[in-house]
């Protein structure tokens, strides 16, 4: 068995502060030291690969689990890429239209939106990040998962029921849901990589903050929840660290003797 430790990191509010919209310098230094000490560092995010910014890429992770386990990459080599069956696209789009729901279809190369019905707020936020945005296209688009902002739309449960054979969903509150192909999660991505790399379970660590991190926290030996995270996750954690903006990543790595 490989004796190295393997560390999995969520992005939003774990590595990337939504207060400063930057990655704390202490986090950058801690990641660098962990690699220098011979450990493996991986992104494990709900974002698909097209939504990984240069600020993350420049930290030189050993690989990525993206789209809640639908895409896995190690050392620039794609090991797994689950795309929603194209035969289902028309039914999904028709259901979205019927219930007047605003969805972002997230793929490896681009994200897809209905520019005719999408609200200006969501569109402007996506464009501010310079994400590769394309319109719905039955013939040419490929996507791994979905994100829906439904606000007070009362039909969200109807949509989820109509697509229950395709997707599981994660309720993030505040009128948003993440729909992930059945059988996939951040946890399934961890299982795949730990097996592929032959890592001992005791050397697995996950760092997260929100509901879509639950499976990730449950599939490692050492689960770390950010102090700024959802308090409901604290009881699921091996360790609750400090807030992201209070050097929480560095603090946790020192606690587990990953770095000095």
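Would you mind pulling out the separation of the Cα centroids of the stretch 118-177 and the stretch 8-37, in Å?
When both Cα centres are located, 27 Å separates them.
Multiply the residue separation of residue 19 and residue 198 by 0.36 nm, subtract the distance between their alpha-carbon atoms, and state the gained length in nm to one decimal.
Here the segment from residue 19 to residue 198 would lengthen by 60.7 nm.
Report the calculated FRET efficiency for residue 60 and residue 115 (r = Cβ-Cβ distance, R0 = 25 Å), to the nearest 0.05.
It comes to 0.10.
Using r as the Cβ-Cβ distance of residue 260 and residue 239, and R0 as 22 Å, what FRET efficiency do you calculate, to the nearest 0.05?
0.80
Along the Cα-to-Cβ line of residue 4, 7 Å from the Cα, sits a label point; which residues in the stretch 194-209 have backbone N less than 19 Å from it?
Inside the label zone: 194-207.
If I stretch the segment between residue 83 and residue 140 completely, what's the gain in nm (0.36 nm per residue apart, minus their alpha carbon distance), one decimal?
That pair, residue 83 and residue 140, stretches by 19.3 nm at full extension.
Rounded to the nearest 0.05, what FRET efficiency do residue 91 and residue 153 give with R0 = 25 Å and r taken as the Cβ-Cβ distance? Could you check?
Efficiency at R0 = 25 Å is approximately 0.85.
From the helices alone, meaning DSSP H stretches of at least four residues, give me the mean residue ellipticity at 222 nm for the chain, per-run term -39500 (n - 2.57), in deg cm²/dmol to the nearest 500.
Computed mean residue ellipticity for the chain: -7000 deg cm²/dmol.
Readers should treat all values here as calculations from the given coordinates under stated rules, not as data from a laboratory. Being a predicted model, the structure only gives us computed values, none of them experimental. No Cβ is skipped: glycine too gets one built from the backbone with ideal geometry, and neighbour counts run over all protein chains shown.
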